[in-house]
Amino acid sequence: MKLNLGSGYKKKEGFINIDKSPEVNPDQVVDIEQGLPFPDNSVDYIYSEHALEHITPSKWRFVLNEIQRVCKPGAILELKLPFDNQGQRCNADHFRTFNWHSFDQYIDGGGRNYYGDLRLKKLTKDPNKLVKLFFYLFPFLKYEVNLKFEIVK
């Protein structure tokens with residue numbers, strides 16, 4: 001089973017397209033802040049493009065724990081998220097922005113796994129220090145960060 005969380009109008013073939021807004025006509029209307037209506041260890045792949053930044057801060061840990069719960073060991077979590085810049089931070093619907101290290105506290109064996117149940121193995125390679133420095137100095141030039149993880153159980 002593959003899920004496209006917060007699909008909006010961007011449906012993905014071969015995925016169950018989930019959104020809380022019925023007007024975008026998803027395969028399933030689900031508010032992920034209330035939980036994911038799937039059994040434990042049933043999902044092989046989760047894709048989400050510009051959706052997690054809309055999670056209410058008080059629900060953030062719950063949503064990440066739900067992702068961990070429904071995913072099979074070795075499932076893939078692929079995320080496209082708004083890069084941390086002034087334009088993205090000022091979006092009234094965004095509760096957070098991201099960079100290459102936003103999920104480091106969930107990396108399995110990283111010593112900071114007390115933030116929640118989610119355990120990840122990073123599959124995307126970080127850019128080199130010069131590229132990071134460039135985008136940290138000129139963040140308005142970068143729109144999104146792409147991250148890919150394997151779920152560890």
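The values are calculated or read from the model by the stated rules, or taken from the named source; none is laboratory data. Quantities reported herein were computed from a predicted structural model and do not represent experimental measurements. So basically every Cβ, Gly included, is an ideal-geometry build from the backbone, and we count neighbours across all protein chains shown. Accessible surface areas use protein heavy atoms only, side chains included; no ligands, DNA or RNA. Shrake-Rupley method; radii C 1.70, N 1.55, O 1.52, S 1.80 Å.
Which loop-located GluC sites (Glu not before Pro) does the range 10-108 contain, where loop means any DSSP state but H, G, I, E or B and the Cβ has at most 12 other Cβ atoms within 10 Å?
On the way: sites: E13, E23, E33, E49, E53, E66, E78; in loops: E13.
Listed in order of number, the matching sites are E13.
Roll a 1.4 Å probe over the protein heavy atoms and report the accessible area of K11 in Å², nearest 10.
Accessible area of K11: about 90 Å².
Considering only protein heavy atoms, what per residue accessible area in square angstrom results for the range 1-105 with a 1.4 angstrom probe? Mind dumping the intermediate values first?
Details: 4930 Å² over 105 residues.
Using a 1.4 Å probe on heavy atoms only, each residue of the range 1-105 averages 47 Å².
Filter K125/K148; K20/K59; K11/K80; K10/K142; K12/K125 down to the pairs with a C-alpha to C-alpha distance above 19 Å, please.
Details: K125/K148 9 Å; K20/K59 15 Å; K11/K80 15 Å; K10/K142 21 Å; K12/K125 25 Å.
In this structure, K10/K142; K12/K125 exceed 19 Å between Cα atoms.
Just to confirm my numbers, what's the Cα centroid distance between the range 1-26 and the range 79-153 in Å?
23
Compute the Rg to Rh ratio over the range 1-138 from the alpha carbon atoms, using the Kirkwood formula for Rh, and round to two decimal places. Present the calculation step by step, with values, prior to reporting the outcome.
On the way: Rg = 15.4 Å, Rh = 16.0 Å.
Value, to two decimals: 0.96.
Working with all protein chains in place, sort F138, F103 by solvent-accessible area computed with a 1.4 Å probe, largest first. List each step's numbers first, then the result.
Values: F138 90, F103 5 Å².
These residues rank, largest area first, as F138, F103.
Counting only protein heavy atoms and using a 1.4 Å probe, what share of the accessible area of the chain belongs to carbon plus sulfur, as a whole percent? Kindly include the intermediate steps, with their values, before the conclusion.
On the way: 4290 of 8200 Å².
Of the solvent-accessible surface of the chain, carbon and sulfur hold 52 percent.
Percent antiparallel among DSSP beta bridges with both residues in the chain, to the nearest 5?
Numbers: 10 of 27 bridges.
Beta bridges within the chain, antiparallel portion: roughly 35 percent.
Would you kindly give the portion of the calculated P(r) for the range 36-82 that falls above 13 Å, as a percent of all Cα pairs? Before the final figure, lay out each step's value.
On the way: 627 of 1081 pairs.
Taking all Cα-Cα pairs of the range 36-82, the fraction more than 13 Å apart is 58 percent.
Quick query: amide H of L3 versus all other amide H atoms, modeled in the peptide plane; which residues come in under 5 Å with a sequence gap of 5 or more or a different chain?
Counting only residues 5 or more places away or on other chains, the set is I16, Y45, I46, Y47.
Determine how large the accessible area of D108 is when every protein chain is in place; take a 1.4 Å probe and give Å² rounded to the nearest 10.
80
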